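Below: one structure, written as structure tokens.
Values quoted throughout were computed directly from the atomic coordinates according to the rules given, and no laboratory measurement underlies them. On a predicted model such as this, the values are computed, not experimentally measured, just so you know. Positions of Cβ are backbone-derived with ideal geometry, glycine not excepted, and every protein chain shown enters the neighbour counts.
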Amino acid sequence: MSDFLSYFRQDNLPHIWCPGCGHGTVTGAIVRAIARKGLDKNKVCIVSGIGCSSRAVGYLDFDTLHTAHGRALAFATGIKLARPELKVIVMTGDGDCTAIGGNHFIHAARRNIDITTIVMNNNIYGMTSGQYSPMTPKGMYGTTAPYGNLERSFDLCELAKAAGATYVGRATSYHVPLLIDLIEAALGNKGFSVVEAMVQCPTYFGRKNKIGGPVEMLEWIKEGTVNVKAAASLPPEKLAGKALIGELHNAPAPEYTADYDELIAKVQRKFDTFQGGLYGCASNSD
Ligand code: SF4
Ligand code: MG
């Protein structure tokens, strides 16, 4: 227990999250996955954007950055390029990651840069009082969708996979052991990894959609999912409207910072050859 607490900045507790919020569950799962991997705390850097979920980094005793809205992956990319030996983790929310940060997300995936991204999807902008996000399901309510959201929502995992992420998984704040397993596997992937964690926001999403409190929301989340292994033997009508959970994609590919290092070495060799030729010419003419 004391080891577990050593991952937290206890001076910064208690946290600001509402009672029953799912973000603490995901934060705990990340810490457990890091502990299981035995990662050196001084070699882990955790970056977040803006939103309720992004406040997590203030409580975690690693090198952490709480950055600008939607820009966590831009900062994380810079850190990873400057210090490729670090394990870089991004904690972000559905609004932060898929709206203002959407372009950073698809390009980080396209590059396959070695960053583990945990997206806490509560289907809404929690911190700014419940506006709908690109992950709010069609027909559901938010403060800016009082008559129901007209837009279709992203399937974040399909988006990540299509954009080039090499590890993709989804779990929920109900399926905690699975969530820890997926984060652990994502941390082990040398490349861009995404774990979507579906979580409850009882204060806004639950209230606006009359789902109920934290317990009812957890039941609602559980009912809305099917494990990808079970899905293989289920008819399409049993899968309609359900989110698949489990490991959804695992396809290792060359990683960006490793390729970048190789490119630097190649350019350096060319430069050395050029310099050698130059000095060789100079000495011939003497
Ligand atoms: Fe959690 Fe929602 Fe409260 Fe934010 S507003 S802390 S997401 S319950
Ligand atoms: Mg959100």
Checklist entry - Expressed as a whole percent, how much of the Cα-Cα distance distribution for the chain exceeds 29 Å? => result 35 percent
Checklist outcome for this item: Under a Gaussian network model of the chain whose springs join Cα atoms within less than 10 Å, the largest fluctuation of Val119, Val267, Val44 belongs to Val267
Checklist outcome for this item: A chain fully extended from Arg83 to Glu237 at 0.36 nm per residue, minus the present Cα-Cα distance, gains in nm 50.6 nm
Item to check | Across Lys87/Lys138; Lys87/Lys270; Lys138/Lys210, pairs whose alpha-carbon gap is larger than 26 Å | outcome: Lys87/Lys138; Lys87/Lys270
Next on the checklist: Spelling out what I want: for every residue of the range 46-52, take phi, set θ = phi - 60°, compute 6.51 cos²θ - 1.76 cosθ + 1.60 (Karplus), and round to whole Hz; glycine and proline get x.
Outcome noted: 10, 10, 9, x, 10, x, 4
Checklist outcome for this item: From DSSP H assignment alone, runs of 4+ in the chain each adding -39500 (n - 2.57), the sum over residues rounded to the nearest 500 puts [θ] at 222 nm at -11500 deg cm²/dmol
Item to check | Fluctuation leader among Val226, Val195, Val90 - the chain, Gaussian network, Cα springs under 10 angstrom | outcome: Val226
Checklist entry - Between the DSSP loop rule and a limit of at most 10 other Cβ atoms within 10 Å, which trypsin sites (Lys or Arg not before Pro) in the range 198-286 are left? => result Lys210
Item to check | Filtered chymotrypsin sites (Phe, Trp or Tyr not before Pro), the range 133-206: DSSP coil and at most 14 other beta carbons within 10 Å | outcome: Tyr147
Checklist outcome for this item: In cubic angstrom per residue, the convex hull of the range 24-90 built on its Cα atoms measures 72 Å³
Checklist entry - Cα extents of the range 1-155 along the three principal axes, largest first, in whole Å? => result 49, 38, 24
Next on the checklist: Quick check: convex hull over the Cα atoms of the range 152-254, volume per residue in Å³, rounded to an integer?
Outcome noted: 116 Å³
Next on the checklist: Cross-link candidates for Lys161: which lysines have Cα within less than 19 Å, leaving aside residues fewer than 8 places away along the same chain?
Outcome noted: Lys190, Lys229, Lys242
Item to check | Of Gln200, Gln131, Gln275, the one that fluctuates the most in a GNM where the chain has Cα springs shorter than 10 Å | outcome: Gln275
Checklist outcome for this item: Quick calc, Ile16 & Trp220: beta-carbon distance into FRET formula, R0 22 Å, rounding 0.05, result 0.35
Checklist outcome for this item: Scoring only Lys, Arg, Asp and Glu (+1, +1, -1, -1) among other residues with Cβ under 13 Å from the Cβ of Gln200 yields -1
